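What follows is a single structure, written as structure tokens, with notes after it.
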Amino acid sequence: MRIKCDYVAQSALYTVKPPGQRWVWMNFESPSHSPGLRSLAGNLFNWTLSYRADSDVFVPYGSLYPRTHPSDPPLGLAAPLARKRGLVAWVVSNWDERQARVRYYHQLSQHVAVDVFGRSGPGRPVPNIGLLHTVARYKFYLAFENSQHLDYITEKFWRNALLAGTVPVVLGPNRANYERFLPRGAFIHVDDFPSASSLAAYLLFLDRNPSVYRRYFNWRRSFAVHIISFWDEPWCRVCQAVQTAGDRPKSIGNLAHWFER
């Protein structure tokens, strides 16, 4: 049995599936950035592999795993609190005024200073010390997704915020969706506040109250962050799934209906 994995942008090129092949549709983009799905009907693919928890092969951008020995203090890679000189940072590479994240940034920045880094918009270059060590100097990071969809929680959250050791302020799927993958007290959700100004007031409150701010790191005593390794980890997950599934037949009849809902 042979296995073929293709990105959504490439998979529309294939119209004839050789006998004995098992095709896996692999995609790490959101539905908003996955064109051509409606042309991939007719049981073309056998399995799905994506960040979605209901995929046949679930490969999230990141995850938490239990520490062997509890850590105290629980800051991990983060700079000590005394060295966190900045308040709010955001790294963005694709600036689009139509996106919800950019609109929210404009509202938030009217009430609290946000240092923006990146190649577009008002961003300035990331310092030579690198993204993670730059973000680690800030108390908060805007982990704003480019679109809001089920389980679409990307490296902006797992790597840029959690691995760097700062507190993520998230804009993406709803709070309940985030809480499927990590503790409630590990992040701040924009939906928890009636306006950007009230969120800004809360961030300033945390800035003035270190003991309350430190509570957002309590989960780090028991858990550490795992970041997906592209692309070897997805390949390994597929091989494991094949060995587990054996010859049981399966196909995806309407890929767009599943992924876009």
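The values are calculated or read from the model by the stated rules, or taken from the named source; none is laboratory data. All figures in this text were calculated on a predicted structure; none of them were measured in a lab. Reconstructed Cβ throughout: ideal geometry from the backbone, glycine too, with neighbour counts over all protein chains shown.
So here's what we get for this one:
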{"item": "Any hit, the stretch 192-208, residues being of a type in the set (A, V, I, L, M), assigned by TED's automatic domain parsing to the domain that holds ARG103 and within 23 Å of HIS33 (Cβ to Cβ)", "result": "no"}
{"item": "Wholly within the stretch 1-46, strands (runs of 3 or more DSSP E) carrying at least 1 residues that are surrounded by 14 or more Cβ atoms within 10 Å (Cβ to Cβ), at pLDDT 80 or above and basic (Lys, Arg)", "result": "21-27"}
{"item": "Residue count, the stretch 94-114 (criterion: surrounded by 13 or more Cβ atoms within 10 Å (Cβ to Cβ), over 18 Å from GLY172 (Cβ atoms) and touching a Ser or Thr at 6+ places or on another chain (Cβ under 8 Å))", "result": "1"}
{"item": "Filter result (part of a loop (DSSP other than H, G, I, E, B), over 27 Å from VAL225 (Cα atoms) and not hydroxyl-bearing (Ser, Thr, Tyr)) within the stretch 96-118", "result": "ASP96, GLU97, ARG98, GLN99, GLN110, HIS111, VAL112, ALA113"}
{"item": "Qualifying residue in the stretch 244-257 (condition: over 15 Å from PRO60 (Cβ atoms) and of a type in the set (Lys, Arg))", "result": "yes"}
{"item": "Filter result for VAL57 (without any contact (Cβ under 8 Å) to a residue 60 or more places away in the chain and either among the aliphatic types (A, V, I, L, M) or buried (at least 18 other Cβ atoms within 10 Å of the Cβ) (or both))", "result": "no"}
